[in-house]
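Here's the structure we're looking at; comments come further down.
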Amino acid sequence: MIRKILRRIRRDDRGATLIEFALVAPVMLVVIMGLLDMTYRIYANAILQGAVQKAGRMATLATNNTSQVALDTAVKDAFKQVNSGVTDSSFVITRRNYANFTNADKMEPSTGPGGVCASGYTYVDLNNSNTYDDGAQNGQGGAQDAVLYTVQVTYPTPFPVSSLYGASRTPTIRATTILRNQPFTTQGARNAGTTRNCP
């Protein structure tokens, strides 16, 4: 009798689908949420890059020195439309200006091998920062200056699964553009720099 009951239970497959679904569903949901999170990050990055590019085009107008706050606000507002969890303090916006595109984001000239600052050699401190860096000056600059405009934002992700696969719940993304201010006047003279010993 007991053997008969056990055989019947062994052959009975009713409810097997439900148990299989219960085992597979959590994994499937985590994968789907992870894909949505990854897709959202790509989308957020594209929105930020687009807003920075638009601000870069607007910044090339002759009024750029008086509209920097308006440009930054436009970038922030564009990103806030896709993530209402960000505040103004979530953004870090920098402007660094150079005399021309050639020098943009390059290290200061040095007498070291291959132009790299090395012990025993000198470099020209173009921005008088007393450090070997890219020689840029902070701010929008003046007429005809090349400007590296960077916006970095840390935002809360709308999906709660990030920590399950090692991602941060508050990712940071960054967008950069380089532009040239309009020649609304003669380009200002830039500091020739000070020769200093390499660190």
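The values are calculated or read from the model by the stated rules, or taken from the named source; none is laboratory data. All figures in this text were calculated on a predicted structure; none of them were measured in a lab. Positions of Cβ are backbone-derived with ideal geometry, glycine not excepted, and every protein chain shown enters the neighbour counts. The area values use the complete protein model at the heavy-atom level, side chains included, leaving out ligands, DNA and RNA. Shrake-Rupley method; radii C 1.70, N 1.55, O 1.52, S 1.80 Å.
Of the residues making up segment 151-199, those that are in a strand (DSSP E or B) and farther than 22 Å from residue 125 by Cβ number 13. Taking the condition of being open to solvent by 50 Å² or more (accessible area, probe 1.4 Å), at pLDDT 80 or above and among the polar types (S, T, N, Q), how many residues in segment 155-175 meet it? Going through segment 155-175 one residue at a time, the tally reaches 2. Return yes or no: is residue 179 surrounded by 13 or more Cβ atoms within 10 Å (Cβ to Cβ), within 20 Å of residue 50 (Cβ to Cβ) and modelled with pLDDT under 85? Spelling it out, residue 179 is indeed surrounded by 13 or more Cβ atoms within 10 Å (Cβ to Cβ), within 20 Å of residue 50 (Cβ to Cβ) and modelled with pLDDT under 85. Just one of the numbered conditions (1) open to solvent by 70 Å² or more (accessible area, probe 1.4 Å); (2) under 26 Å from residue 143 (Cα atoms) is not true of residue 81: (2). Within segment 80-118, the set of residues being in a strand (DSSP E or B) and among the hydroxyl-bearing types (Ser, Thr, Tyr) comprises 94, 98, 110.
Being under 30 Å from residue 31 (Cβ atoms), of a type in the set (S, T, N, Q) and within 24 Å of the chain's Cα centre (by Cα) holds for only one residue in 154, 176, 150, 102, and it is 154. Residue 112 meets each of the listed conditions (1) under 24 Å from residue 68 (Cα atoms); (2) open to solvent by less than 20 Å² (accessible area, probe 1.4 Å); (3) not hydrophobic (A, V, I, L, M, F, W, C) apart from (1). Residues in segment 132-149 that are under 19 Å from residue 71 (Cβ atoms), open to solvent by less than 50 Å² (accessible area, probe 1.4 Å) and not in a strand (DSSP E or B): 136, 139, 140, 141, 142, 143, 145. Within segment 180-199, residues that are in contact (Cβ under 8 Å) with a residue 12 or more places away in the chain sit with their Cβ atoms under 6 Å from residues that are acidic (Asp, Glu), at 6+ positions apart or across chains, in these pairs: 181/145; 193/125; 194/125; 196/125.
Open to solvent by 70 Å² or more (accessible area, probe 1.4 Å), out of contact with any Lys or Arg (no Cβ under 6 Å at 6 or more places or on another chain) and closer than 18 Å to residue 199 by Cβ: is that true of residue 129 in this structure? Walk me through how you get there before you give the answer.
Working: open to solvent by 70 Å² or more (accessible area, probe 1.4 Å): no; out of contact with any Lys or Arg (no Cβ under 6 Å at 6 or more places or on another chain): yes; closer than 18 Å to residue 199 by Cβ: yes.
Spelling it out, it is not the case that residue 129 is open to solvent by 70 Å² or more (accessible area, probe 1.4 Å), out of contact with any Lys or Arg (no Cβ under 6 Å at 6 or more places or on another chain) and closer than 18 Å to residue 199 by Cβ.
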